[in-house]
Amino acid sequence: RLVQINRRARRLPQNIDARDVIKMPVRQQNRLQLHLLFLQIAHYLEENYEKPFSQEECAARFFMSRDYLCRRFTKELGVSMVSYLNGIRIQQAKLLMSNPKATIRSIAHQVGFEDEKYFARQFKRIEGISPGEYRARLLK
């Protein structure tokens, strides 16, 4: 996983089966179901990182309001949806940068960024160096 699940999520049981869930208090069952739903949403983002992203469309896909989705995603996973998605995209971009023939612009588009400058800003924010510097160090 690209993002550590926050402390609250770690309090949930790790290896459980249906019998364990039935024995849980209802409140804990609900919290577990909610957490699993947000893990599914995170998985959806990981599987579709290269596609254009809309919080409204994601919320509709999972049958909730955009505001609730964003607020609860941050609470459950400890990071905002956009930051989570950008982290996935940057990790994938780093893998693609080993190809010296691919331009930074094409890599940005391949991983789902529509704007190369936004990609460069996010890359520098996450990695601490620009995409060009990262590639230069990688190809040394």
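Check cross-link reach from Lys94 to the aspartates and glutamates: straight Cα distance under 16 Å, and skip same-chain residues fewer than eight apart.
Glu46, Glu50, Glu116, Glu127, Glu133
For the pair Ser83 and Leu138, what calculated FRET efficiency results from E = 1/(1 + (r/R0)^6), where r is the Cβ-Cβ distance and R0 = 22 Å, to the nearest 0.05?
Efficiency, from the Cβ-Cβ distance: 0.40.
What whole-number volume per residue, in cubic angstrom, does the convex hull of the C-alpha atoms of segment 29-69 give?
59
Mind checking the per residue accessible area of segment 90-140 for me, 1.4 Å probe, whole number of Å²?
64
Consider a paramagnetic label point 7 Å from the Cα of Leu96 along Cα→Cβ; state which residues of segment 114-140 have an amide N under 14 Å from it.
Inside the label zone: 114-120, 123, 131-132.
Tell me the carbon and sulfur percent of the accessible area for segment 25-108, rounded to whole percent, probe radius 1.4 Å.
Numbers: 2480 of 4700 Å².
Ligands and nucleic acids excluded, carbon and sulfur give 53 percent.
With a Förster radius of 25 Å, plug the Cβ-Cβ distance of Arg125 and Leu39 into 1/(1 + (r/R0)^6) and report the FRET value to the nearest 0.05.
My answer for the efficiency is 0.50.
On full extension of the chain, what length is gained from Gln55 through Arg71, given 0.36 nm per residue of separation minus the C-alpha to C-alpha distance? The partial results should precede the final answer.
On the way: separation 16, 0.36 × 16 = 5.76 nm, distance 1.15 nm.
Going from the current span to full extension adds 4.6 nm.
Please list the equivalent ellipsoid semi-axes of segment 50-140, computed as the square roots of five times the alpha-carbon gyration tensor eigenvalues, in descending order and whole angstrom. Each step should come with its number before you reach the end.
Values: eigenvalues 168, 37, 17 Å².
So the equivalent ellipsoid measures 29, 14, 9 Å along its semi-axes.
The values are calculated or read from the model by the stated rules, or taken from the named source; none is laboratory data. Everything quoted here is computed from the prediction, not taken from an experiment. As a convention, Cβ positions derive from the backbone with ideal geometry for all residues, glycine included, and neighbour counts pool all protein chains shown. Just so you know, the surface numbers come from the protein's heavy atoms only, side chains and all, with ligands and any DNA or RNA stripped out. Shrake-Rupley method; radii C 1.70, N 1.55, O 1.52, S 1.80 Å.
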